[in-house]
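First comes the structure, then the notes that go with it.
The values are calculated or read from the model by the stated rules, or taken from the named source; none is laboratory data. Since this is a predicted model, take the numbers as computed values, not measurements. Every residue, glycine as well, gets a Cβ built from its backbone with ideal geometry; the counts of neighbours run over all protein chains shown.
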Amino acid sequence: MSTSLLSAAASATRTLAASASASHSAAPAKKANPDGVLWKARNKEYPNQIWYFCAACIALLTLVNLTSILVRRFRRSSPFVARARGPVTLTRIPAAATHLFRWLAFYSTVSFGGYTLDLAELFMACGYIAVIYAWGFVNSTSLKGQVLLVNYWSNRTGDIAATQFPLMIALGMRNNIIGYLTGISLDKMNLLHRVVARALCVMIWIHGAGRVYIAIGNGENAQNVQEGWFRWGIAAAVPFTLLCVFSVRTVRKRSYEAFLIAHFFVAIVLLVGAYYHAKAKNKAVEIWPSFVIWGFDRTLRFIRTFVANSGYIHFLGKSDARANALEADVHVVSPKLLRVSVLLPNRVHWSPGQIAYLSVPSVSRTPWEAHPFSIASLDTSASASSTNSSRDEKQGELSASSSSSSIVVPSPGYTKEAVFFIRVHRGFTNRLLDAAAAAKGPARFNAFVDGPYCTPPTALGYSSVLLIAGGSGVSFTLPLLLDLARAARLNANPCCGRVVFVWSVRESDQIDAVAPLLSAALADLDTKTLGLEIRIHVTRNMEDTDGTEDVAAGDDDEKDVPASPTSSVTAARRLRRFECVTVSQGRPDIDELLRTEVAAASGAMAVNVCGTRGLAKHVRRALKKGTSAADVLRGGPSVHLHVESFGGA
């Protein structure tokens, strides 16, 4: 017994001695890399700081937008009083400061490579790029003094790009929450969407280049290629890069429909690839919010289309001949302009200046092909003003330009007529023109309408309003005019004392498309009380074929498509019977127009423009020359300019 105890004790002693010897001979534990602690902390914190900055900017713009809305509503309740200019008044300093900001931000432009951006757009684009790249590379000097150490910024740039995906997607949404909050128009949102996408695309490749550099230094390059996270990263980055290249305006315009298809699929590939790439590094939380935002927008689109096109009636099994699709009545005004009318359900509502996406299955190449067009009519029942006050006139004008049976006849529950003026280009609009011209009898097609969308400016709440349009740009300015006329009839906008509507068209045939809506609005309106003046400028006769370009249209070659028999002379004569309407030959003198109106105006003035980039640039130049903060201090108008345009950079 004692022998066994001694043996066990000796064995335990040897074990402890061996353990102590091993501990003594073992290398000391590896210390944490001080630089690693820093860059990991900054990789986590800096992307959040960028979001704090973006959220603060959105909140500030939202506050400005809400303030502007309240000010306009306050002005609307005050009757119009013409005031002559006088000495400088200190109480007008806020108005002068506001005008000075607008003068710098919206009247001044920068042109480069065929693009024209106002300073506000340029500042937002450059400011965003500067912020994400500053946070991406700041504080990347190691403790030993190595400047821009790759370990500091390689993962950080990837984290910043991933966490900014939700912003990129939110800016490109049709149901644009940021646009609703800030009041920024959809075309500006699309511009920022492309700027953010291109900036993040470059940052993704910077992230990839940094990781490859580190892998080469560690001898892990060949091993990384075999990893799933590496392949998923490449699968997301390559198509994203190609899409950014194809999104450049000159390329996008040539194959817009192909771009739309590619955009849809690349968005899915990008998010899926980025998700699995980040998941391998336990950072999937940076990606999944993008899926939520993208899915939310798509779901709302489906619901809008489903409800607006009576899909739910068909789904519930109710018998309704109109349950499957709406009908679009297409009238060929000229080989370059179409007038499309769609009767929508009474539950659909829209504001003047909003857009809707129109899809015609028999013309569209793909089931999801839909194109945005401004709604030129007001959100009123087709059996109201249009039918009661000027129904006979409308039928008389349209019957001369098309068969009388092609007039859209309201049916119970479908009395809201959405009118679109569509300029014919390549692709969908060209195919729609061909189908309408080839139709035997009334050109009617099943259609789907998705909308309305965007946050358009209101023309209410201003002492004077100037609406300038070129060609099909009248789709945007016309509903603003109709809304002003409606408000004048109801005495809902007493602050407005002067409205000038200027429309420049190439051919007099295009007057036919607008005449019914204008005539209905002017039929029972006291234009002297409102101070309304409508100027229509025909820049080229129908017989003129010299191809001279003007601000009303582009320079696409016109197809030899026979339009329906027109009555432009009759339409012009019927419009001329209103004292406020003038139809003349030649282009409008924008400089003289703005100089005269600004000199005669006081208080708040709104100038809304929709047309070519040349027209917008001309208006900006004239306003920059003819307005000043000093004039506002003496009682001159503070001018609010809105330019509606699509295409962008």
**Asked** Condition test on Gly145, is it buried (at least 20 other Cβ atoms within 10 Å of the Cβ), small (Gly, Ala, Ser) and assigned by TED's automatic domain parsing to the domain that holds Trp229?
**Response** no
| Condition met for Thr429 (touching a Gly at 6+ places or on another chain (Cβ under 6 Å) and either free of Cβ contacts under 8 Å to residues at least 12 places away in the same chain or surrounded by fewer than 23 Cβ atoms within 10 Å (Cβ to Cβ) (or both)) | no
So, Pro34, is that one at pLDDT below 80, over 30 Å from Lys617 (Cβ atoms), in contact with a Pro (Cβ under 7 Å, 6 or more places away or on another chain) and exposed (fewer than 15 other Cβ atoms within 10 Å of the Cβ) or not? no
Considering the range 337-360, residues that are of a type outside the set (A, V, I, L, M) and either in contact with a Pro (Cβ under 7 Å, 6 or more places away or on another chain) or at pLDDT below 80 (or both), and then whichever is surrounded by the fewest Cβ atoms within 10 Å (Cβ to Cβ), we arrive at Ser351
Of all strands (runs of 3 or more DSSP E) fully inside the range 580-649, the set with 1 or more residues that are more than 16 Å from Leu467 (Cβ to Cβ) is 581-585, 638-644
Flagged pairs (Cβ under 6 angstrom, 6 or more apart or on separate chains; first in the range 37-56, crowded, with 19+ Cβ neighbours inside 10 Å; second not acidic (Asp, Glu) and not in a helix (DSSP H, G or I)) are none
Check: Residues in the range 494-502: is at least one over 30 Å from the mean Cα position of the chain (by Cα), in a helix (DSSP H, G or I) and either at pLDDT below 80 or under 17 Å from Val333 (Cα atoms) (or both)?
Finding: no
Does Arg249 satisfy being in the same structural domain as Asn43 (by TED's automatic domain parsing) and without any contact (Cβ under 8 Å) to a residue 12 or more places away in the chain?
no
Note on the range 136-152: residues modelled with pLDDT of 90 or more and either within 12 Å of Lys44 (Cα to Cα) or among the charged types (D, E, K, R) (or both) are Gly136
Residues in the range 78-131 that are in a loop (DSSP other than H, G, I, E, B) and not aromatic (Phe, Trp, Tyr) total 14
In the range 160-186, residues that are over 26 Å from Tyr133 (Cα atoms), among the hydroxyl-bearing types (Ser, Thr, Tyr) and in a helix (DSSP H, G or I) total 1
When Val419 is run through (1) in a strand (DSSP E or B); (2) among the aliphatic types (A, V, I, L, M); (3) surrounded by fewer than 21 Cβ atoms within 10 Å (Cβ to Cβ), the failure sits at (3)
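Yes/no matrix, rows are residues, columns are (1) crowded, with 23+ Cβ neighbours inside 10 Å; (2) polar (S, T, N, Q); (3) part of a helix (DSSP H, G or I):
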residue	(1), (2), (3)
Gly451	yes, no, no
Ala459	yes, no, no
Val465	yes, no, no
Ile468	yes, no, no
Phe476	yes, no, yes
Pro479	yes, no, yes
Ala488	no, no, yes
